[in-house]
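Asker: The structure under discussion is supplied below as structure tokens; questions concerning it will follow.
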Amino acid sequence: MMKLKPFVFVSAILFVVTLMIPTLVVLPFSEGKVSGKLGEETAKETVAEAPPTGPAVEVAVYRTASESVETLELDNYVTGVVASEMPATFELEALKAQALTARTYIVRQMISSEKLEVPDGALVTDTVQHQVFKNDEELRKIWGKDYSWKIEKIRKAVQETSGQILTYEGSPIDATFFSTSNGYTENSESVWQGALPYLKSVESPWDLNSKEFNGQKVVSVSDFERLLGVKVGSGDTIGKVVERTSSNRVSKVDFNGTVLTGQDIRTKLELKSTDFTWERKGDQIVINTKGYGHGVGMSQYGANGMAQEGKNYVDIAKYYYQGVEVVSSNDLLTKITAQK
């Protein structure tokens with residue numbers, strides 16, 4: 001066998017290694033290749049988790065059913081909120097607007113000096129008291145065979161808004177939302193104490209097409225009196241509306257000297273909204289409502305209607321939240337992680 005000179009031998013090895021380097025670099029990443037189109041690679045039984053973006057921030061959620069705390073990466077939490085709060089059948093731009101509100105809400109809570117009353121170790125609960133949240137396992141059970149396309153769509157909405165929040169004069173807003181208006185959203189001060197400049201009444205005509213727009217509830221006279229702590233007598237008159245809000249919702253009702261707010265009545269009778277009318281029929285009171293929810297902030301059905309007309313999520317957000325900006329939350333999130 002012919003012997004190579006040392007110089008020639010070393011040169012040959014270097015040549016071979018040089019040829020192999022591109023392959024060695026590419027191989028470790030080729031198996032987990034991302035196409036850039038969410039779900040195409042994993043549209044079978046398992047859909048990949050949304051990858052974290054920006055600072056690694058986690059959300060601790062108190063799970064009321066199991067009485068335990070579940071910790072998730074921020075956008076996985078937002079995914080669980082959007083999936084629970086808005087139908088996946090809604091337009092993508094409406095879902096993106098919902099993702100924006102969900103992320104803004106939790107980031108605002110993270111930096112707030114006023115912490116919510118939640119069990120130790122948790123930041124929020126998974127109920128309507130804060131934001132409804134369901135994890136991936138729960139969504140699989142709820143959606144069944146529709147899980148793959150629904151979660152793909154929700155995750156797309158979350159990913160395409162990742163790192164973005166709504167601010168007013170540099171601070172995250174109180175991004176309240178609800179199902180359906182009565183044709184107008186409500187001023188914040190008509191529902192809660194204090195007026196917020198970005199939560200002002202705007203027209204929302206798209207809601208008239210919502211399946212939740214009209215509602216009806218029948219209550220016996222005795223239950224009506226018991227629940228409200230009033231007497232309506234035997235006549236046809238059931239209290240007198242003495243004040244309405246700018247959006248035509250009931251503000252105050254006088255029951256023979258006992259005055260209740262529309263919010264009190266809605267809560268105690270479990271009505272869909274404070275835009276209600278009623279009439280007595282024998283020993284029953286029939287109550288008709290318009291809209292569903294408190295009416296402050298973004299209307300979900302209104303957002304979907306705007307999306308159907310070609311508006312994007314920024315258009316939607318800026319319409320329902322007056323004077324706000326869509327900005328990156330990375331600086332705020334970096335501060336949060338630095339404090340841990």
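Asker: Fewest Cβ neighbours within 10 Å first, please rank LEU227, LEU333, LEU100 accordingly.
Answerer: Ascending Cβ contact count within 10 Å gives the list LEU227, LEU333, LEU100.
Asker: How would MET86, MET110 line up from fewest to most surrounding beta-carbon atoms within 10 angstrom?
Answerer: Numbers: MET86 24, MET110 20.
In increasing order of surrounding Cβ atoms, one gets MET110, MET86.
Asker: Enumerate the whole-percent occupancy of each 5 Å bin, from 0 to the last occupied one, for all C-alpha pair distances of the stretch 111-239.
Answerer: P(r) over the stretch 111-239, rounded to whole percents: 2, 7, 9, 11, 15, 18, 16, 10, 6, 4, 2, 0.
Asker: Could you pull out which residues in the stretch 174-214 have an amide N less than 19 Å from a spot 7 Å beyond the Cα of GLU309, following the Cα-Cβ vector?
Answerer: Backbone N within reach: 178-186, 200-213.
Asker: So for ILE111, ILE154, fewest C-beta neighbours within 10 Å to most, what's the order?
Answerer: Taking fewest neighbouring Cβ atoms as first place, the list is ILE111, ILE154.
Asker: Obtain the nm distance between the two label points defined at GLN193 and THR89 by a simple spin-label model: each point lies 7 Å from its Cα along the Cα-to-C-beta direction.
Answerer: Label-label distance for GLN193 and THR89, simple model: 4.2 nm.
Asker: Can I ask one more? Given a Förster distance of 22 Å, report the FRET efficiency between ASP254 and GLN129 from their Cβ-Cβ distance, rounded to the nearest 0.05.
Answerer: Calculated transfer efficiency: 0.10.
Asker: Further question on the same structure: First check a/c for the stretch 256-302, with a ≥ b ≥ c the square roots of the eigenvalues of its C-alpha gyration tensor; if it is under 1.5, answer rounded, and if not, answer prolate when a/b is larger than b/c or oblate otherwise.
Answerer: It is oblate, given that a/c is not under 1.5 and a/b is not larger than b/c.
Asker: Something else about it: Quote the Stokes-Einstein diffusion coefficient, in whole µm² s⁻¹, for the stretch 214-290, based on the Kirkwood radius over alpha carbon pairs, a temperature of 20 °C and a viscosity of 1.002 mPa s.
Answerer: Details: Rh = 12.4 Å.
For these conditions, the coefficient is 173 µm²/s.
Asker: So if each residue of separation counts as 0.36 nm, and I subtract the Cα-Cα distance between VAL242 and ASN288, what length gain in nm does that give?
Answerer: 14.7 nm
Since every read-out is calculated from the coordinates, none of them should be taken as a lab result. Just so it is clear, the structure is predicted and the values come from calculations on it, not from any experiment. For neighbour counting, all protein chains shown are included, and Cβ atoms are generated from backbone atoms with ideal geometry for every residue, glycine included.
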